[in-house]
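The values are calculated or read from the model by the stated rules, or taken from the named source; none is laboratory data. As the structure is a computational prediction, the values presented were derived from the model and not from experiment. Cβ sites come from the backbone with ideal geometry, for glycine too, and all protein chains shown count toward neighbours. Ligands, DNA and RNA are stripped out before the accessible areas are found, and what is left, the full protein with its side chains, is counted by its heavy atoms. Shrake-Rupley method; radii C 1.70, N 1.55, O 1.52, S 1.80 Å.
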Amino acid sequence: MYTIYVGDKPIILTTEVKKETDFKSFLLKSVNIGKVIKTLSNTDLKAVHLIHDNPDKLLKHFLKLLPNVIAGGGKVYNARNEVLFIYRNSKWDLPKGKVEQRESIKETAIREVEEETGVKGLKITKSLSTTYHIFKRNGKHKIKITYWFEMKTNFEGKLHPQEKEGITEVKWLDNKASQKALENSYANIKILV
């Protein structure tokens with residue numbers, strides 16, 4: 001099973017057929033993805049289930065429906081066990097960005113965290129969940145696939161929000177402040193933090 005977000009509403013890829021309550025089900029093989037996005041965005045439905053009989057083909061079939069954008073990002077801890085957050089588009093988020101040519105996904109994640117926050121000395125400690133969400137750019141919907149990594153740093157310097165990317169704040173947040181920030185964040189980020 002996979003979850004792809006449209007805003008904060010999930011599209012759930014599944015092999016199970018369930019009685020519809022606050023969600024609607026469609027067959028993945030014949031779905032009109034534009035209609036699904038519109039339905040989720042313009043109704044009070046809580047979710048959409050896309051059903052396929054083969055669990056190994058769920059994600060593969062779904063990713064063919066829209067252009068894919070590959071990104072890497074980091075959940076970064078400092079020496080005080082605080083998590084690095086960015087504030088962009090009136091929401092708290094974790095630093096991430098698109099892959100550039102001939103760059104590994106780990107290199108992308110480290111570069112993007114450095115560029116968006118000014119934090120240096122990053123070390124990847126482990127891989128985290130991969131997240132999926134649908135966004136609209138220049139009138140076209142795309143699926144962003146973000147590979148996340150837990151990182152550690154002993155960086156003590158000044159934080160620099162990458163303003164040209166719309167980032168207005170960068171902050172280290174302790175557990176209590178992180179939970180507060182998640183009240184104004186994205187569904188994918190809530191899963192990671």
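Some points to look at:
- Comparison of 140, 136, 164 shows that the only residue that is closer than 18 Å to residue 5 by Cα, free of Cβ contacts under 8 Å to residues at least 12 places away in the same chain and of a type outside the set (Phe, Trp, Tyr) is 136.
- Lone qualifier among 120, 126 - being in a loop (DSSP other than H, G, I, E, B), surrounded by fewer than 13 Cβ atoms within 10 Å (Cβ to Cβ) and modelled with pLDDT of 95 or more: 120
- Residues in the range 1-38 that are under 27 Å from residue 185 (Cα atoms) and either among the aliphatic types (A, V, I, L, M) or open to solvent by 90 Å² or more (accessible area, probe 1.4 Å) (or both): 1, 4, 6, 11, 12, 13, 21, 33, 35, 36, 37, 38.
- Residue list for the range 115-131, filter: touching a helix residue (DSSP H, G or I) at 6+ places or on another chain (Cβ under 8 Å) and under 21 Å from residue 5 (Cβ atoms): 116, 128, 129, 131
- Residues in the range 83-114 that are surrounded by 16 or more Cβ atoms within 10 Å (Cβ to Cβ), out of contact with any helix residue (DSSP H, G or I) (no Cβ under 8 Å at 6 or more places or on another chain) and either of a type outside the set (A, V, I, L, M, F, W, C) or under 16 Å from residue 172 (Cβ atoms) (or both): 87, 108, 111, 112, 113, 114.
- Evaluating residue 54 against the criteria (1) more than 18 Å from the chain's Cα centre (by Cα); (2) within 19 Å of residue 131 (Cα to Cα) leaves one unmet condition, (2).
- Boolean, residue 67 is within 30 Å of residue 163 (Cβ to Cβ) and either among the polar types (S, T, N, Q) or surrounded by fewer than 16 Cβ atoms within 10 Å (Cβ to Cβ) (or both): yes
- Candidates in the range 38-74 are the residues that are in a loop (DSSP other than H, G, I, E, B) and in contact with a Phe, Trp or Tyr (Cβ under 8 Å, 6 or more places away or on another chain); of these, the one that is farthest from residue 147 (Cα to Cα) is 45.
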